[in-house]
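Below is one structure, written out as structure tokens; the observations come after it.
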Amino acid sequence: MGDTKKEFYERCLEIHDLQEAQQLLDWDQQVVMPRKGAEQRGNQQAALAGVLHAKIADPALGELITSLAAKKDLGPDLAADVREAKRARDRAVKIPAALVSEKAKACSLAQVAWEEAKGKNDFRSFKPHLVKIIDLTRRTAEAIGTETLYDALLDEFEPGMTEAALKTVFSDLRDRLVALFEKIQGGRDKPNQDALKRTYSAPGQEAFGRRIAADMGYDFDAGRLDRSAHPFTSGTFWDVRITTRYDEHFLSASLFGVFHETGHALYEQGLDPKRYRDPAGGSCSLGIHESQSRFWENLIGRSRPFWWHYFPHLKQAFPGILDGIALEDFYRAINVCQPSLIRVEADEVTYNLHIILRFELESALISGKLDAGELPGAWNEKMLSFLGIEPPSDQTGVLQDIHWSAGLIGYFPTYALGNLYAAQFMQTLRKDVPDLDKRLSEGKLSVVKDWLNQKIHRHGRLYLPGELCQTVTGKALAADASMTYLTEKFGEVYGF
Ligand code: ZN
């Protein structure tokens, strides 16, 4: 087995390094590249993608995988590596190269069309692009050959998850969230966000954000914080970069953005260094990744114990700005829950409803139950039934997100899965660390990071996401933990 194993890993690490180079080019494009460099960058990315595809699809790698997979007693790490290499290779081999490049071209045209359509509030001009993308996505899914077409799309982002399982969890979550949201709206105490809308200088926000990230355990010697239009995290292990954007008249955008991206970054920095470049050495899935960002952003960052310690520091960081605001006012301000049109601005309660709406629509589009032309109407109907509001325009409705124009169908559910995983992880952390609130109120954030490192980060892709959830929490994924958390928290804030 020695030589087979050695050659298998040699090929895998080369693939890993090329993928890291792709990510770095993408980071550069989003953060520092001059505007005129777009075409050159496109060529570089296309060249790299071609090399990478050839390496993954190489029959010699296929033979190594087959011969290793046939062996018994591989041990858990090698078995996971073979499974993950096989998953990546199966996708690469099953989807015809012509279809991949046709979809890439269609998406780059669609993204331009989407931006224009959004600017002009003109869904009709975007519709033919969407029809094309849905068709190409269906053909891609057919080539992969799972039980439902949507399963093939999900599998890319959340291995092991199925459309049927999502429907069960999400319909339960939807009904319970809609009921909770009604109670919140009828609550007798209504907090407001005024304190967050005073003037907070960008340099002040950056300094405070850096401090929070460092206290969370983010290693700035293995990362950096920059600005970008759309905040994101890029890289892995010893080079994990985060970005944010500053709004001087709304503190939450950058503050909670930094919590969020640092949560993603801690996952990458917390992976097992012995598994660097191995196929199963990376993060488990997008849903688990999102659980890490949401964990810090909401379960820690919007908690009272955290601010018991940090609120005086925040006041110091912005002298005079928070005068007259008590800790309790601030806590309530960061936990306002209200109906809103835009997903990325939604609060903890309504956010998942925005996601479930997209999931139900994508699932209907891919299965053929809904035509692209019926989409704006279906969108508005669901907004009304979930949140009681209707978008005045497609710009603030069906055209708001970039995902579908980028060919990312099956991606949205991972955002809500992240929230559900995060709530289950928190229940387990509380069992393991009964005095968690006390430690948080003393500013001891390392207790959280260490626990996440141990229970989640170090495992990489050893488990599929569903198995990881079961292993860490003792329970399968469900809406219960999230609903208990939200009901208790918002019941107290809104007084019901
Ligand atoms: Zn995220």
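The values are calculated or read from the model by the stated rules, or taken from the named source; none is laboratory data. Predicted model, so just to flag it, every value in this text is computed and none were measured. All Cβ positions, even for glycine, are placed from backbone atoms using ideal geometry, and neighbour counts span all protein chains on display. The protein model used for the area step is the full one, side chains on, heavy atoms only, and it has no ligands, DNA or RNA in it. Shrake-Rupley method; radii C 1.70, N 1.55, O 1.52, S 1.80 Å.
Placing a pseudo-label 7 Å from each Cα along the Cα-to-Cβ vector at E102 and E381 gives an inter-label distance of 3.1 nm.
Look at the alpha carbon pairs under 8 Å that are at least 6 residues apart: their mean separation over the length of the chain gives a relative contact order of 21 percent. Report summary: the helix-based calculation at 222 nm, which adds -39500 (n - 2.57) for every DSSP H run with n ≥ 4 and divides by the residues of the chain, gives -21000 deg cm²/dmol. The length gained by stretching the chain between Q316 and T148 to full extension, at 0.36 nm per residue less their Cα-Cα distance, is 55.0 nm.
Evaluated with a Cβ-only charge set (Lys, Arg +1; Asp, Glu -1), segment 294-388 carries a dipole of roughly 260 debye about its Cα centre, given to the nearest 20.
Placing +1 on each Lys and Arg Cβ and -1 on each Asp and Glu Cβ, with no other charges, gives the chain a dipole about its Cα centre of roughly 160 debye.
In segment 163-494, a dipole from Cβ-located charges (positive for Lys and Arg, negative for Asp and Glu) runs towards its positive end, and of P305, Q185, L408 it is P305 whose Cα lies farthest in that direction.
Between the beta carbons of V447 and S125, assuming R0 = 60 Å, the FRET efficiency works out to 0.70 to the nearest 0.05. Compute the helix-to-body angle for 202-216: its Cα long axis versus the longest principal axis of the chain, expressed 0 to 90° and rounded to tens. Once rounded, one gets 70 degrees.
How far, in degrees from 0 to 90, does helix 76-94 lean away from the longest principal axis of the Cα atoms of the chain, to the nearest 10? Approximately 70 degrees, to the nearest 10. Potential lengthening of the chain between K94 and D329 amounts to 79.0 nm, from the contour at 0.36 nm per residue minus the alpha-carbon distance.
Each part reduced to its alpha carbon centroid, segment 77-150 and segment 255-332 end up 32 Å apart. Sorting the Cα pairs of the chain by distance into bins of 20 Å, from 0 upward, gives 21, 58, 20, 1 percent per bin.
Against the main long axis of the alpha-carbon atoms of the chain, helix 59-69 sits at an angle near 70°. The dipole here belongs to segment 301-357: it is taken about the Cα centre, uses +1 on the Cβ of Lys and Arg and -1 on the Cβ of Asp and Glu, and is about 120 debye. Label-to-label distance, D221 versus H53, with points set 7 angstrom from Cα along the beta-carbon direction: 4.2 nm.
Ligands, DNA and RNA aside, T4 has an accessible area near 30 Å² when probed at 1.4 Å.
FRET efficiency for the R439 to D172 pair, using the beta carbon distance and R₀ = 35 Å, is estimated at 0.60. Toward the positive end of the charge dipole of the chain, with +1 on the Cβ of Lys and Arg and -1 on the Cβ of Asp and Glu, the farthest Cα among Y276, G50, F490 is that of Y276. Based on C-alpha pairs under 8 angstrom that are at least 6 apart in sequence, segment 1-65 has a relative contact order of 56 percent.
Straight-line reach from K36: taking Cα to Cα under 21 Å and skipping same-chain neighbours fewer than 8 places apart, the lysines in range are K105. Rounded to the nearest 0.05, the FRET efficiency derived from the C-beta distance between H230 and L24 at R0 = 25 Å is 0.90. Peptides 421-431, 57-67, ordered by how many other C-beta atoms sit within 10 Å of their residues on average, highest first, read 421-431, 57-67. Comparing A104, L436, L462 along the charge dipole axis of the chain, the residue lying farthest to the positive side is L436, per the Cβ-charge model.
These residues, E362, E297, go from largest to smallest accessible area, 1.4 Å probe, as E297, E362. Distance between the modelled labels on V31 and D432, one decimal in nanometres: 3.0 nm (7 Å Cα→Cβ projection).
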